[in-house]
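J.: Got a structure for you, questions after.
The values are calculated or read from the model by the stated rules, or taken from the named source; none is laboratory data. All values derive from a computational prediction rather than experimental measurement. Backbone-built Cβ (ideal geometry, glycine too); neighbour counts: all protein chains shown. We work out accessible area using only protein heavy atoms, side chains counted, and drop any ligands, DNA or RNA first. Shrake-Rupley method; radii C 1.70, N 1.55, O 1.52, S 1.80 Å.
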Amino acid sequence: MTVHLTSYTPDVPNTVTVTVDGMDLLPTETVGKELSTKLTLPEHSEKLTVRLVVKDGSKGGNYSYEDEKTADVCEGETPTPPPAEPTPTEPTPSEPTPTEPTQTEPAPSETPGAETPEPSDTPSGEPSESAPAVPVPSGSTPPLAETGSSSATPVIGGAALAVLLAGGGILWAVRKRRTTQA
C-alpha cells in the first residue's frame with residue numbers, strides 16, 4: 001500500500017494516520033509539505049478494512065481527507081493467522097521514491113520566489129518481513145481538482161475582448177454625438 005501526499009502547507013501541523021481494522025499501520029505522523037511512503041499490510045485470511053485520515057493543519061483545513069477501503073485476500077497465498085498479541089515496531093526512516101519528470105506544464109507556485117524544500121527523512125512503519133504488500137485498487141479515489149485553463153479559454157477571452165471593444169465604440173459614438181449636438 002502506498003501513501004503519497006503532496007502540496008500541503010509545510011509550516012502547519014498536518015497529520016496522517018493509517019489504520020487496518022482499527023489497529024495502527026502508520027501511527028499519527030506529522031507531515032510537512034509532502035509524504036510518500038509504502039506500507040505493508042499484515043497477512044490476512046479475511047478482507048481488511050484500511051482507513052486513511054489526513055488532517056490539513058492550515059486555516060480552514062480545506063484539504064483534510066478521510067477514506068476507507070477494503071483489502072481483499074491475495075489469490076494463491078495461504079496466510080497464517082495473525083499473532084495473538086501484536087509486536088510493536090520502531091519506525092525507521094525511508095528514502096523518498098524518485099519520480100521521473102513528466103512533460104506537462106509546471107504547477108503555479110503559491111509563493112513566487114520560494115525555494116523548494118529539500119526532501120526529509122520521514123519515519124514510516126517498518127514493513128513486516130513475512131507479509132508481502134497487498135495492492136489496494138484506487139479506482140474510487142476522487143479526481144484531482146481541475147485548475148488552469150481549458151481549450152475554451154481563448155474563445156472566452158476573445159468574446160470578452162469583443163464586448164469590451166463594442167462597449168468602447170458605443171461610448172465613443174455617444175460622446176461624439178453629444179459634442180456635435182451641443
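J.: Looking at 101, 42, which is the one that is closer than 28 Å to residue 14 by Cα and modelled with pLDDT under 55?
T.: Answer to the check: 101.
J.: Then there's this: Checking residue 25 against (1) within 20 Å of residue 62 (Cα to Cα); (2) crowded, with 17+ Cβ neighbours inside 10 Å, only one condition comes out false. Which one?
T.: So the condition that residue 25 fails would be (1).
J.: Scanning the range 28-44 for residues that are under 30 Å from residue 147 (Cα atoms) and of a type in the set (Ser, Thr, Tyr), which turns out least open to solvent (accessible area, probe 1.4 Å)? Before you say what the answer is, go through the steps one by one.
T.: Keep residues of the range 28-44 that are under 30 Å from residue 147 (Cα atoms), which gives 29-38.
Subsequent filtering for residues that are of a type in the set (Ser, Thr, Tyr) retains 30, 36-37.
Numbers: 30: 98, 36: 37, 37: 8 Å².
Out of the qualifying residues, it is 37.
For (1) of a type in the set (S, T, N, Q); (2) at pLDDT below 65; (3) surrounded by fewer than 16 Cβ atoms within 10 Å (Cβ to Cβ), each residue gets a yes or a no:
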{"site": "19", "(1), (2), (3)": "yes, no, no"}
{"site": "46", "(1), (2), (3)": "no, no, yes"}
{"site": "65", "(1), (2), (3)": "no, no, yes"}
{"site": "83", "(1), (2), (3)": "no, yes, yes"}
{"site": "108", "(1), (2), (3)": "no, yes, yes"}
